[in-house]
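Single-structure report; data block below.
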Amino acid sequence: MTHIDRSIQPTPGAAPIINLGTPITHSLPNGLTLLIVENHQLPQVGIRLSLDECPELEKEKKGISDLISLMAGNGSTSINKDDFNEEIDYLAATLSIAPNGAYAQVLSKYFPRVLALIADAALHPNFTEEDMEKEKARIIQSIRANESNAEVIMKRVRQTLRYTTDHPYGEYITETQIAALTLDDVTNYYRKRFVPNNAYLVVTGDVNPEEVITLVNEHFADWQPYSEETPNLYIPENVSETQINFIDLPSAVQSEIQVTNLIDLKMSHSDYFPLLVANSILGGDFGSYINMNLREEHGYTYGAFSTFKTDKWTKGSFSIKTKVGNAVTAPAISEILKEVKRIQTTIVSEEKLAQAKAQYLGQFVLATERPQTIANYAINIKVRNLPEDFYKNYIAKINAVTKEDVQRVANSYFLLKNFRIIIVGKGSDIADELKNINFDGKKIPMKEFDSYGNEK
């Protein structure tokens, strides 16, 4: 009997061939772009409507997009909410509508009817005073319930500190703002933002392209555009030196930790693929440097991971996230910084590089089996200004990443000298230790903030 040595990583097999299909493109006079990807393997269709709108400050109207998200998809001016939802259920379809688009999946035989329902609900939403007040109350209740929620506070403060309240991504919702919103605010905002000018409708699956074009022209031709100047976005910047940003939450039973910096990177940049691999090695999967250190070696946490995001309109971000017990908050931060320095100063092994590539490519291949993924890729190519063969060459680009590439992008985008180390935790247990964290022979300065990102 042959025994398998499970300590040895299996050698990755040959890279699979991915055929995503080339979309058929059709443009409507109102600006709507239709993309059709035929796939007749299964009798189903995915419908994805996506709006490529520049984010804008909502200011005193902050929360209106959240309110519309809750109100959208509740029928139309011609079909009430109950009848609309009953028909969607009868057709065994999944459907969601939001201020920035809509998504549906349905059997191909019901596609024409579901497309008609999407168009009706999206273009002629059934916004009522009753529904608005109900959803406003729900949002206010959520705000109150989360006043001492460490995760919610972390998310809010992280965005505010990264981008400031001068940027749409740094704004936060208050009870006062939600309570003041009116039905006119809702309808005017929706009319102004939900427009075809920069909209993309992607239909994937078991369809006849000619039929799709006919139906889309029938249901979406009357969708009225709305033109206004693209707002000038505030340009956020990283802090000049690594610092600890502490938010005291006396009720916290553990510490929320996020280590973050802004990154100036677009998907079309040649560093995008090396950064995918570098992030996977540092904190992107279970066997990553950070998770193995904090979880397996030290037992500080159940999980620690890193992510990075690009953004078409503004700077993206890199983040390391974990939750740890109060007693090990300071040591956990030190270990995180140590692992970042490790990937920046020590060349990764060939074995680790191969594992990271295999892990990432496995996720990519699985994702391509989902119709929604194909829709996302088709839209990305258009709105992110990507080459038409971007996803067809995805596997080859990942496999071409070298050990030297990993080290180079780790130094370029994991900004060890410009990190915000954000902690939400119990001050009486951890504040003194946080003030005395040293790294590379230098004490890391600490600033204190309230739960809305205002410096104390």
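Annotations
- Filtering the range 36-69 to residues that are closer than 13 Å to ILE374 by Cβ and surrounded by fewer than 22 Cβ atoms within 10 Å (Cβ to Cβ) leaves VAL37, GLU38, ASN39, GLN41, LEU42, GLN44.
- Any hit, the range 178-196, residues being in contact with a Cys (Cβ under 9 Å, 6 or more places away or on another chain) and not basic (Lys, Arg): no
- Condition check for GLU404: of a type in the set (Asp, Glu) and either within 24 Å of LYS312 (Cβ to Cβ) or outside the structural domain of LYS323 (by TED's automatic domain parsing) (or both): no
- For beta carbons closer than 6 Å, sequence separation of 6+ or different chains, a first residue in the range 363-382 that is among the polar types (S, T, N, Q) and a second that is modelled with pLDDT of 80 or more and part of a helix (DSSP H, G or I), the qualifying pairs are THR373/ALA367.
- Of residues in the range 308-322 being of a type in the set (Lys, Arg) and part of a strand (DSSP E or B), the one farthest from ASP166 (Cα to Cα): LYS321
- Where strands (runs of 3 or more DSSP E) fall entirely within the range 168-280, those with at least 2 residues that are closer than 30 Å to ALA104 by Cβ are at 199-205.
- Candidates in the range 31-90 are the residues that are part of a strand (DSSP E or B) and of a type in the set (D, E, K, R); of these, the one that is farthest from the chain's Cα centre (by Cα) is GLU38.
- Tally, over the range 114-156, of residues that are free of Cβ contacts under 8 Å to residues at least 24 places away in the same chain, in a helix (DSSP H, G or I) and not β-branched (Val, Ile, Thr): 8
- The sole residue among LYS312, LYS323 that is assigned by TED's automatic domain parsing to the domain that holds LEU265 and modelled with pLDDT of 95 or more is LYS323.
- Residue identified as out of contact with any helix residue (DSSP H, G or I) (no Cβ under 8 Å at 6 or more places or on another chain), in contact (Cβ under 8 Å) with a residue 12 or more places away in the chain and on the phi > 0 side of the Ramachandran plot among GLY101, GLY73: GLY101
- Filtered residue count, the range 200-214, keeping only those that are closer than 12 Å to PRO112 by Cα and either crowded, with 19+ Cβ neighbours inside 10 Å or hydroxyl-bearing (Ser, Thr, Tyr) (or both): 4
- The range 340-359, subset outside any helix (DSSP H, G or I) and either touching a Gly at 6+ places or on another chain (Cβ under 6 Å) or among the aliphatic types (A, V, I, L, M) (or both), residue nearest to LYS321 (Cα to Cα): VAL348
- Residue in the range 434-450 that is buried (at least 18 other Cβ atoms within 10 Å of the Cβ), among the β-branched types (Val, Ile, Thr) and modelled with pLDDT of 90 or more present: yes
- Some residue of the range 285-303 being more than 25 Å from ALA358 (Cα to Cα), surrounded by fewer than 21 Cβ atoms within 10 Å (Cβ to Cβ) and either in contact (Cβ under 8 Å) with a residue 40 or more places away in the chain or outside the structural domain of GLN355 (by TED's automatic domain parsing) (or both): no
The values are calculated or read from the model by the stated rules, or taken from the named source; none is laboratory data. Everything numeric here is computed off the predicted structure, so don't read it as measured data. Virtual Cβ from ideal backbone geometry, glycine too; neighbours counted across all protein chains shown.
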